[in-house]
Amino acid sequence: MEHIKEEIFKLVALLNKYSYDYYVEDNPQISDTEYDTLYKQLEKLEQEYPEFILDNSPTQRVGDRVLDEFEKVIHKVPMLSLSNTFSIEDLRDFDSRISKLSSDDSIEYICELKIDGLAISINYENGKLVSAATRGDGMVGENVTENIKTIFSIPKTLKTKKSFEVRGEVYLPKKSFELLNKEREENNEVLFANPRNAAAGSLRQLDSKITAKRRLSAFIYSVVGDENINSQKMALTVAADVGLPVNPNFKLCKTIDEVVDYIMYWEEHKQDLPYEIDGIVIKVNSYSLQEEIGSTQKSPRWATAYKFPEEELATKLLDIELSV
Ligand SMILES: NC(=O)c1cc2c(=O)c3cc(F)ccc3oc2nc1N
């Protein structure tokens with residue numbers, strides 16, 4: 001019996017490593033067929049010896065209960081929304097407001113791509129994923145734990161035994177969005193307008209089997225409740241170190257001019273990304289400075305979202321024409 005347990009343990013470790021390489025590192029080490037073969041071996045062993053099924057087995061990702069509604073969840077710390085800025089001039093105003101509100105004269109900003117998905121909060125206890133909720137109205141969200149567990153890039157167990165909440169964005173990669181709409185077109189179903197709507201519709205499915213088919217992904221951008229973390233850059237580094245998917249394109253900027261350069265770069269190169277972004281998030285890096293600057297009821301004063309100008313509908317239609 002011992003060797004069966006060994007075999008199951010080995011297969012689970014191997015499959016989780018391969019899906020980490022594939023979904024988080026975007027660098028698959030084996031082919032899909034090899035992965036499926038190992039997965040089927042594991043399923044067979046688990047069917048024969050259900051008592052040896054491990055909680056972090058990839059076969060345990062998709063629940064089989066269909067909910068009739070989502071439970072409401074009260075966020076321990078409210079999930080605020082970002083204020084928006086639409087011009088570089090607005091951004092400079094943001095910078096001068098920050099300078100007035102803070103004792104430091106040199107303020108470090110951290111810039112992150114603004115992933116166009118939907119906000120999520122995920123709780124890990126002793127390194128295990130225990131619950132997840134949507135932002136909702138910021139105070140009360142929907143419990144989407146079972147659906148979040150179907151997202152391969154979100155690990156069910158972390159490389160730490162610590163307990164904390166993380167926040168991030170669930171999104172649908174462009175390729176998955178196109179595939180999904182193609183399937184829907186073939187089944188004469190209503191198409192999703194954009195990846196953001198498709199992600200929201202997929203995550204808020206009452207049947208997690210449907211969510212599992214949608215190939216959602218996620219990036220984590222915040223860690224709540226780890227007092228050793230004193231800056232946004234550190235939060236991103238810690239999140240990546242424990243195995244969470246963190247978008248690698250963040251940049252520490254010493255001046256607002258560096259922020260503007262970063263914005264210009266991504267305004268030009270965002271088409272090359274495999275997911276949609278609708279702007280750039282600019283945050284004061286130091287947590288103590290964030291505290292000092294504070295938040296309003298709705299939004300942090302220490303961060304803002306620079307929104308890219310809406311693509312003219314004409315260019316969008318032109319893209320569609322060129323792509324068909
Ligand atoms: N869509 C995003 O990629 C993204 C979104 C947010 C937020 O919504 C957000 C909201 C807050 F109240 C505070 C920080 C935030 O940081 C964020 N950082 C990001 N990278």
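So how much slack lies between GLU186 and ASP261, counting 0.36 nm per residue of separation and subtracting their Cα-Cα distance, in nm?
So the extension gain works out to 22.7 nm.
At 1.4 Å probe size, put PHE152, PHE164 in order of accessible surface, largest to smallest.
Final ranking, largest accessible area leading: PHE152, PHE164.
At R0 = 22 Å, how high is the FRET efficiency between LEU101 and LYS254 if r is their beta carbon distance? Nearest 0.05 is fine.
With R0 = 22 Å, the Cβ-Cβ based efficiency is 0.75.
For the pair LYS72 and TYR49, how long in nm is the line joining their label points, each one 7 Å along Cα→Cβ?
Between LYS72 and TYR49, the simple spin-label model gives 4.7 nm.
Please identify every one of the chymotrypsin sites (Phe, Trp or Tyr not before Pro) in segment 183-260 that sits in a loop by DSSP and has no more than 13 other beta carbons within 10 Å of its own beta carbon.
Counting only loop positions with at most 13 other Cβ atoms within 10 Å, none of the chymotrypsin sites (Phe, Trp or Tyr not before Pro) in segment 183-260 qualifies.
Normalise the Cα radius of gyration of segment 141-254 by 2.2 N^0.38 Å (N = residues in it) and let me know the number.
Dividing the Cα Rg of segment 141-254 by 2.2 N^0.38 Å gives 1.21.
On a full-extension model of 0.36 nm per residue, what is the gain between ALA193 and LEU14, subtracting their alpha-carbon distance, rounded to one decimal in nm?
Gain on extension, ALA193 to LEU14, equals 60.7 nm.
To make sure I understand the rule: partners must be aspartates and glutamates, Cα under 20 Å from the Cα of LYS182, and not fewer than 8 residues away in the same chain. Which ones qualify?
GLU276, ASP319, GLU321
Taking the convex hull of the alpha carbon atoms in segment 141-201, what volume per residue do you get, in Å³?
Taking only Cα atoms, segment 141-201 has a hull volume of 116 Å³ per residue.
When the chain is fully extended, how far beyond the present Cα-Cα distance does SER163 get from SER131, taking 0.36 nm per residue of separation?
Here the segment from SER163 to SER131 would lengthen by 10.3 nm.
Along the charge dipole of segment 63-170, pointing to its positive end and built from +1/-1 on Cβ of Lys, Arg, Asp and Glu, which listed residue (SER163, LEU80, TYR109) has its Cα farthest out?
SER163
If the reach is capped at under 24 angstrom between alpha carbons, list the lysines near LYS175, excluding any in the same chain fewer than eight residues apart.
Here the lysines satisfying the reach criterion relative to LYS175 are LYS17, LYS114, LYS149, LYS209, LYS213, LYS270, LYS307, LYS316.
At 10 °C and 1.306 mPa s, grab the translational diffusion coefficient of the chain from Stokes-Einstein with a Kirkwood Rh over Cα pairs, rounded to a whole number in µm² per second.
74
Rounding to the nearest 20 debye, state how big the charge dipole of the chain is about its Cα centre with +1 on each Lys and Arg Cβ and -1 on each Asp and Glu Cβ.
680
Rank these residues by their accessible area, most exposed first, probe 1.4 Å: VAL284, VAL224, VAL77.
From most exposed to least exposed: VAL77, VAL224, VAL284.
Which of the trypsin sites (Lys or Arg not before Pro) across segment 17-105 are loop residues per DSSP, with 16 or fewer other Cβ within 10 Å?
Sites meeting the loop and neighbour criteria: ARG65, LYS76.
Largest first, how would HIS3, HIS75 line up by accessible area (1.4 Å probe)?
Sorted by accessible area, descending: HIS3, HIS75.
Would you mind pulling out the separation of the Cα centroids of segment 20-96 and segment 248-306, in Å?
24
The values are calculated or read from the model by the stated rules, or taken from the named source; none is laboratory data. For clarity, every value in this text was computed on a predicted model and none was experimentally measured. Glycine also receives a Cβ, built like all others from the backbone with ideal geometry; neighbour counts cover every protein chain displayed. Calculation scope for accessible area: heavy atoms of the full protein, side chains included, ligands and nucleic acids excluded. Shrake-Rupley method; radii C 1.70, N 1.55, O 1.52, S 1.80 Å.
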